[in-house]
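Presented below is the structure to which this report refers.
Here, each number is a calculation from the coordinates, and none is a lab measurement. Values in this document were obtained by computation on a predicted structure and should not be read as measured data. Glycine also receives a Cβ, built like all others from the backbone with ideal geometry; neighbour counts cover every protein chain displayed.
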Amino acid sequence: MPKLLKIITHPNDILQKKSQEISRETIKSKEFQILCDDMFETMIKKDGIGLAAPQIGKNICLSVINSREEPLYIINPRIIKKSWSKEWGEEGCLSVPNVFGKVKRNSKITCVYIDRNGKKIKISPKGLMARVFQHEIDHLDGILFIEKAKNIKNN
Ligand code: NI
């Protein structure tokens, strides 16, 4: 049974540190696979659309994203292309509870990463999914959306 992980909230150094790349050996390990399941469970239970490993206290390059079809496990992601066009959209974050703000993001990106099966993936999300990718990859670089947001509201 997957378990609920504790979510770290701002301010905390872990959230502002750059995360480490994950080796293929680690990806194959039972411990890592369990972590993937636990992070997915935690994201769903907390009503998140994405969750990055630093948010549960681990500075490693792993994020889970709740796409409509199936959860995406994003390991060692790299954005290799960004659209010229950008758009503003409201964001929140499980690590910054009850705070929302508008963030300008690229409308479309191309990202390469490894999935939890060790497969190399190339994906070009747009709109909301492009936004979620950029928000989650920022977490792995130690960046929180509140550093980029305007019209920050405390609910
Ligand atoms: Ni977040």
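Over region 1-124, Cα pairs under 8 Å with separation of 6+ residues give a relative contact order of 24 percent. Name the shape class, rounded, prolate or oblate, that the alpha-carbon gyration tensor gives for the chain, where a ≥ b ≥ c are the square roots of its eigenvalues, rounded holds for a/c under 1.5, and otherwise prolate holds if a/b is larger than b/c and oblate otherwise. Verdict is oblate for the chain. About its Cα centre, the dipole of region 1-43 is roughly 60 debye, where the only charges are +1 on Lys and Arg Cβ and -1 on Asp and Glu Cβ. Count Lys and Arg as plus one, Asp and Glu as minus one, and take only other residues whose Cβ is under 14 Å from that of I75; the net charge is then +4. Length available on full extension from I143 to N12: 0.36 nm per residue minus the Cα-Cα distance, which gives 46.0 nm.
Can you find, among M129, T26, I74, the residue farthest towards the positive end of the dipole of region 13-154? Put +1 on the C-beta of Lys and Arg, -1 on that of Asp and Glu. Toward the positive end, the furthest listed residue is M129. Working note: 222 nm ellipticity from helices only, DSSP H runs with n ≥ 4, each -39,500 (n - 2.57), summed and divided by the residues of the chain, gives -7000 deg cm²/dmol to the nearest 500.
Rounded to the nearest 20, the size of the Cβ-charge dipole of the chain about its Cα centre is 540 debye, with Lys and Arg at +1 and Asp and Glu at -1.
Candidate cross-link partners of K6 among the lysines, defined by an alpha-carbon separation under 27 Å and a same-chain spacing of 8 or more, comprise K17, K18, K28, K30, K45, K46, K58, K102, K148, K153.
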